[in-house]
Amino acid sequence: MKRNTLLPVLLASFIVALGGASAYLLFDHTTNDTIEATSSIGEKVSENSSSPATDLKSLIYRAQQTVVQIEAEDDTTEKIGSGFLYNGKGDIITNAHVIKDASTIYVKTADTKTYPAAVLGMNQEVDVAVIRVPQLANRVPMELSKDQIGEVGDEIIAIGSPHGFQNTVTTGIISGKERNFSIGSYSYENVYQISAPISEGNSGGPLIQRDTGEVIGINSARSEGTSIGFSIPISNVLDDAVTWTSEAADKQLVYDRLSETDPPSTKQMAKDARSLIQFFYQSLSLRDYESAYRLLSSDWQEEVSYEDFRNHFATITEISIQSMDVNFMTEQEVRVIVKTNQTLTKDGKQARYNGTTSFHVKAENGQLKLMSADQK
């Protein structure tokens, strides 16, 4: 099938937190810096595999489907943070400092789709807020640890958008408990101290317990000049979140309308195109063929059935990326050239080859899609 190829994706990106000497908040103002990563996947994930490495990849992949990047804007600035779905109504828990004073709030999902959000409630003293995106209703939310308390030494996973690099994953342990401090008007009491490197843009993202896959905290601040982070226990804020959700009336919520006259910058377009293709192959690597198929344009889906799509990619067992280049066709339309090494298995026989695939990426009905792919 000529129109498909495979691109490895980084399932767990480990970054070093940038720092200073005192705790501070983890939202990120818009900057001109660009962060890129290259990666490879050595082995195809088996549907029946139960190895620790496979389980970790599966846990991360499931969690990333519920984590969003939040872009909160006022008249002069834009802040980038994170959040996660906590129920089936499209409600997202985040930090109050991410959305405070914002005139418009947008969320971006793992497949780069962007939606406007409305504020359900905010507690600026304990730094928690809940926003709603109706388009995300009925999606499977994060599992929350309502009763279990994390202990020192527990392995944890943090997911967020440091410096706007969406769905970055870092790992570590709970290195301390019951820490108390204040940052401006925000008071943090009995919070977790964690060793997972986190940075600006991580604010509001989930702290996940490795053993259970459940959210035990909200990543909120870090210690300047160190890799120490701080996370609010979910049990400290869940009552507020549930109250705001139960009292919300959709007719009273205020959503900004996405503007078609204000398209993303070329830098953002390039980043989104890379993220879309990475999410496409991440879905394939975890055998979530339905999610990958939904990223194809309507014309491509008419040309290739889901069954044919799935059967084709099921034969790919190993792949490594050699390069990925983004070339602009127009300001809002790009071609991404990907060079890979691939191993295919069919009828018990393996074949390895080098391939180059050209992806055509642009918006369809306001959402970025894979329009086509030509393999050379």
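Every number in this text was worked out from the coordinates using simple rules, so none of it is lab data. The shown structure was predicted, so the numbers you read here are calculated from the model rather than taken from an experiment. Glycine gets a Cβ as well: all are built from the backbone with ideal geometry, and neighbour counts include every protein chain shown.
With 28 Å as the limit, the listed pairs Lys100/Lys369; Lys108/Lys362; Lys146/Lys271; Lys267/Lys369; Lys271/Lys349; Lys108/Lys346 have Lys100/Lys369; Lys146/Lys271; Lys271/Lys349; Lys108/Lys346 beyond it between alpha carbons.
Of the three principal axes defined by the Cα atoms of the stretch 266-375, the extents in descending order read 45, 29, 21 Å.
Using every pair of distinct Cα positions in the stretch 167-221, the Kirkwood expression returns a hydrodynamic radius of 12.0 angstrom. Extending 7 Å from Cα along the Cβ direction at Ala249 and again at Ser103 yields two label points whose distance is 2.7 nm. Among Tyr188, Tyr353, Tyr255, Tyr86, the ranking by other beta carbons within 10 Å of each residue's beta carbon, starting with the fewest, stands as Tyr353, Tyr255, Tyr188, Tyr86.
Across all directions, the average flat footprint of the convex hull enclosing the Cα atoms of the stretch 183-314 is 13.8 nm².
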